[in-house]
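Read through the structure below, which is laid out as structure tokens, and then see the notes.
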Amino acid sequence: MKAAVYYETGGPEVFRYEDVPDPQVRPAGIVFEVKAIGIQGGDTLHRQGGVMATTPHIVGYQAAGIVRDAGERVSEFKPGDRVVATMGFGSHAELCSVPEGAAWKVPDGLGLEEAAGVPVEFATADDCLFEFGHLKAGESVLVQAGASGVGLAAIQLAKRAGATVLATASQDEKLERLKEYGLDHGINYRTGDFVQKTMEATSGRGVDLVVDSVGGKTLEGSIAALAYRGRISWVGRAGRDEVVPEIWPLMQKNASITGVFLGAEMQVNPQRTRPLVQRLLERCASGELKVVIDRTFPLSAAADAHRYVEGRQAFGRVILAP
């Protein structure tokens with residue numbers, strides 16, 4: 001099979017498009033033909049400096065496709081089924097091998113490109129808002145990086161739960177587009193102070209919850225934007241800011257911060273996360289929620305796709321297609 005591989009970590013230029021051995025089906029797993037790869041922020045971070053489990057290494061956490069083979073202990077899937085799966089690595093390829101428990105059936109009405117943008121994005125957003133963020137109807141939430149995959153999911157989920165939704169983005173055009181997904185108050189963090197704008201939008205009270213995927217100095221601002229006894233779901237370091245944030249101001253508000261990592265939750269509590277992802281896939285298939293795809297690149301252009309993602313130009317998910 002063909003795959004986008006690298007022999008050392010670094011910039012997008014480390015990618016090579018090469019032939020590699022086909023993956024083998026495991027007794028309790030499936031092999032599927034990849035039709036769409038949803039590039040995650042973690043994919044770019046891993047390529048920059050993550051652990052290489054194999055040499056050459058195939059990066060990637062999520063892909064959708066059609067089952068080619070199912071192991072003898074597999075009961076849920078059969079060849080020909082449309083699936084989406086998560087994995088520790090290996091999505092940037094024509095074939096993927098995953099355990100049965102790491103895959104979900106794609107419902108009728110949902111395309112494979114859209115499905116490739118659901119499990120990590122929507123389940124992470126759902127956990128940030130509800131499982132760990134305890135968001136309730138009538139509360140307010142600030143979503144950092146609102147035009148990202150997780151950001152767009154969080155805006156939609158929060159609005160449908162009856163919350164007032166604020167979000168940040170780097171361009172007024174992106175903020176305007178976010179309104180159709182449920183945004184109430186948009187904040188351009190490049191042209192204004194997002195803490196000040198948040199306070200203005202909440203009459204000086206602050207928000208009940210912040211979903212922060214940026215970290216660093218932005219996380220300090222998220223704390224400042226909180227209401228008394230507010231909560232933060234901290235879900236990443238997309239800003240790549242090496243500054244260790246000062247979190248002492250949490251004490252002054254009796255506020256709280258929770259780290260959210262969907263991968264760990266999937267490992268420890270699959271009895272909760274598996275049906276959660278399936279429900280989110282069904283909601284996307286019904287049209288209640290929408291997966292926003294910015295651009296699709298061929299797998300052979302993985303370097304260009306990663307470069308585009310890192311340039312923060314995307315509105316929604318960037319897809320690779322073998």
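The values are calculated or read from the model by the stated rules, or taken from the named source; none is laboratory data. Since the model is a prediction, treat every value here as computed from it, not as a measurement. As a convention, Cβ positions derive from the backbone with ideal geometry for all residues, glycine included, and neighbour counts pool all protein chains shown. Remember, those area values only see protein heavy atoms, side chains included, never the ligands or the DNA or RNA. Shrake-Rupley method; radii C 1.70, N 1.55, O 1.52, S 1.80 Å.
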- Item | Top-ranked residue of region 157-176 - restricted to ones that are part of a strand (DSSP E or B) and of a type outside the set (S, T, N, Q), ranked as farthest from PHE194 (Cα to Cα) | VAL165
- Message: Quick check on region 113-144: of everything there that is open to solvent by 30 Å² or more (accessible area, probe 1.4 Å) and aliphatic (A, V, I, L, M), which residue is farthest from ALA169 (Cα to Cα)?
- Response: ALA137
- Item | Lone unmet requirement of (1) aliphatic (A, V, I, L, M); (2) open to solvent by 10 Å² or more (accessible area, probe 1.4 Å); (3) without any contact (Cβ under 8 Å) to a residue 40 or more places away in the chain for VAL67 | (2)
- Query: Any chance region 127-137 includes a residue that's over 30 Å from PRO21 (Cβ atoms) and aromatic (Phe, Trp, Tyr)?
  - Reply: yes
- Scanning region 193-207 residue by residue, those farther than 12 Å from VAL143 by Cβ, open to solvent by 20 Å² or more (accessible area, probe 1.4 Å) and not β-branched (Val, Ile, Thr) turn out to be ASP193, GLN196, LYS197, MET199, GLU200, ALA201, SER203, GLY204, ARG205
- Task: Assess whether ALA85 counts as being in a strand (DSSP E or B), open to solvent by less than 50 Å² (accessible area, probe 1.4 Å), in contact (Cβ under 8 Å) with a residue 24 or more places away in the chain and over 29 Å from GLN271 (Cβ atoms).
- Result: no
- Message: Of the conditions (1) surrounded by 18 or more Cβ atoms within 10 Å (Cβ to Cβ); (2) in a loop (DSSP other than H, G, I, E, B); (3) more than 19 Å from the chain's Cα centre (by Cα), GLY221 satisfies every one except a single condition; which number is it?
- Response: (2)
- Of the residues in region 177-198, those that are closer than 19 Å to ALA158 by Cα and in a helix (DSSP H, G or I) come to ARG177, LEU178, LYS179, GLU180, TYR181, THR198
- Taking region 1-30 and the residues there that are over 23 Å from the mean Cα position of the chain (by Cα) and β-branched (Val, Ile, Thr), the one that is surrounded by the most Cβ atoms within 10 Å (Cβ to Cβ) would be ILE30
- Task: Quickly run through region 276-298 and pick out the residues that are open to solvent by less than 20 Å² (accessible area, probe 1.4 Å), among the aliphatic types (A, V, I, L, M) and farther than 22 Å from PRO322 by Cα.
- Result: LEU276, VAL277, LEU280, LEU281, LEU289
- Can you name the number of the only condition in (1) surrounded by 21 or more Cβ atoms within 10 Å (Cβ to Cβ); (2) at pLDDT 95 or above that ASP184 fails? (1)
- Task: Would you mind listing the helices (runs of 4 or more DSSP H) fully within region 226-319 where at least 3 residues are in contact with a Ser or Thr (Cβ under 9 Å, 6 or more places away or on another chain)?
- Result: 262-268, 302-310
- Query: How many of the residues making up region 181-204 are more than 19 Å from SER148 (Cα to Cα), in contact (Cβ under 8 Å) with a residue 40 or more places away in the chain and in contact with a helix residue (DSSP H, G or I) (Cβ under 6 Å, 6 or more places away or on another chain)?
  - Reply: 0
